[in-house]
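Coordinate-derived values only; no laboratory data. None of the values given here were measured: they were computed from a predicted structure. Using ideal geometry, Cβ is built from the backbone for each residue, glycine included, and neighbour counts are taken over all protein chains shown.
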Amino acid sequence: MCFGGPSHGQDQMQVEDFDTIQLYTLENASGAKVKITNYGAIVTSIVVPDRDGNLADVALGYDSVEKYINAVDKPYFGAIVGRYGNRIAKGQFQLGGETYSLATNNGPNHLHGGVIGFDKVVWEATPAMVDGHPALKLAYLAKDGEEGYPGNLNVEVTYEWTDANELIVRYEATTDKATPVNLTQHTYFNLAGEGSGDILDHQLMLNASKFTPVDETLIPTGELRSVEGTPFDFRSAKAIGKDIAVENEQLKYGLGYDHNFVLDQPDENKMVVAARVSEPTTGRTLEIRTTEPGIQFYCGNFLDGRLIGKSGRPYVHRGGFCLETQHFPDSPNQPSFPSAILEADEKYDTTTLFQFGAK
């Protein structure tokens, strides 16, 4: 099933690629379903029930590929971002005695892989079954020097959709030269249904005793700061909007929450609960488990109503939230952070699970 035809005004490579863009649907026994396109490995739709069994789409997004390509502000709705998700300071890092320069596409810094990151390329898609569940395998070769990064990076992302309404995302990669790798999933959620207003009444729990404070350009200072006594304490569930307007330098820098939280992990590389979210009016819930050491909580601070979603309704200020499992921002420049360097003899292998429910 095609997900849009040629978009006039795009360069020739993209026009040719549009013949290969498809939209895939993974549906489970209950009728809950996820839609994914091989453009940007984007999750375009997640349809799940509320406490009364009513289905609604809880993922912000569009109904045509042209809208993803031409969206103002490039919000990364639903995409896989890489080669390095999040920010790298001043678009530079050193590795193996060499200095590598990347695009500065977010103020003075590099963001989400650059001008044409993994969210803007066409992946090779293969429908599959994993453990008896419908799945989609997406593969991409990022060539040595692409967006300034070293090494030919072979990436595979597998989306699996279970009968328990779990979206399991497994990321695998190998390289022929040491390179930074930090892949994440950038869906914006609204558990009341996309386009249904802001998410400030959603109750959020983050399994994190510390976060990484940032400077005014949103680059971590290197400190791991306790959340105790701050608006960043989500260890017990509270409304996202409860402390968002508190006078706080970090909230001022992020225009709200746009920060990496350091997950409390008893065992490194073991799957841990990172976050739980619930929406009071529908009862829908989301639990996120991951092998990653961090999670970026972003609450749609830059949404302003200009983007019109697939329902025809505007995406208002804070109309969606992201919970992006990850290594920490700017890790290639911060030796005290967990390393995000993939060596040529290693395999990148990480998993994040999004489980939807209702109570």
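Reachable aspartates and glutamates from Lys252, Cα under 15 Å, same-chain residues fewer than 8 places away excluded? Straight-line reach from Lys252, under 15 Å: Asp215, Glu216, Asp243. Reachable lysines from Lys33, Cα under 22 Å, same-chain residues fewer than 8 places away excluded? Leaving aside lysines fewer than 8 places away in the same chain, those within reach of Lys33 are Lys67, Lys137, Lys310, Lys359.
Arranged from highest to lowest average of other beta-carbon atoms within 10 Å per residue, in what order do the peptides 285-294, 107-116 appear?
Numbers: 285-294: 22.7, 107-116: 19.8.
Listed from highest to lowest mean packing, they are 285-294, 107-116.
Extending 7 Å from the Cα toward the beta-carbon at both Asp176 and Asp144 defines two label points whose distance is 0.6 nm.
Just from its helices, what would the mean residue ellipticity at 222 nm be for the chain, if runs of 4 or more DSSP H residues each count -39500 (n - 2.57) and the sum is divided by every residue, rounded to the nearest 500 deg cm²/dmol?
Here the helix-only value at 222 nm equals -1000 deg cm²/dmol.
Report note on the peptides 61-71, 176-186, 301-311, 79-89: ranked by the mean count of other C-beta atoms within 10 Å, highest first, their order is 79-89, 176-186, 61-71, 301-311. Given springs between every Cα pair under 10 Å in a Gaussian network model of the chain, which of Thr25, Thr217, Thr44 has the largest fluctuation? Greatest mean-square fluctuation among the candidates belongs to Thr217. Across the stretch 240-343, Cα pairs under 8 Å and at least six residues apart give a relative contact order of 21 percent. Farthest towards the positive end of the charge dipole of the chain, among the residues His110, Ile21, Val316, is the Cα of Val316, using unit charges on the Cβ of Lys, Arg, Asp and Glu. Please state the shape class of the chain: rounded when a/c is under 1.5, otherwise prolate if a/b exceeds b/c and oblate if not, all from the C-alpha gyration tensor. Note, shape of the chain comes out rounded.
Charges were assigned to the Cβ only: +1 to each Lys and Arg, -1 to each Asp and Glu. The resulting dipole of the stretch 66-113 about its Cα centre is roughly 80 debye.
Taking every alpha-carbon pair under 8 Å whose residues sit at least 6 apart, the chain reaches a relative contact order of 18 percent.
The shape of the stretch 35-88 comes out prolate: with a ≥ b ≥ c from the C-alpha gyration tensor, a/c is at least 1.5 and a/b beats b/c.
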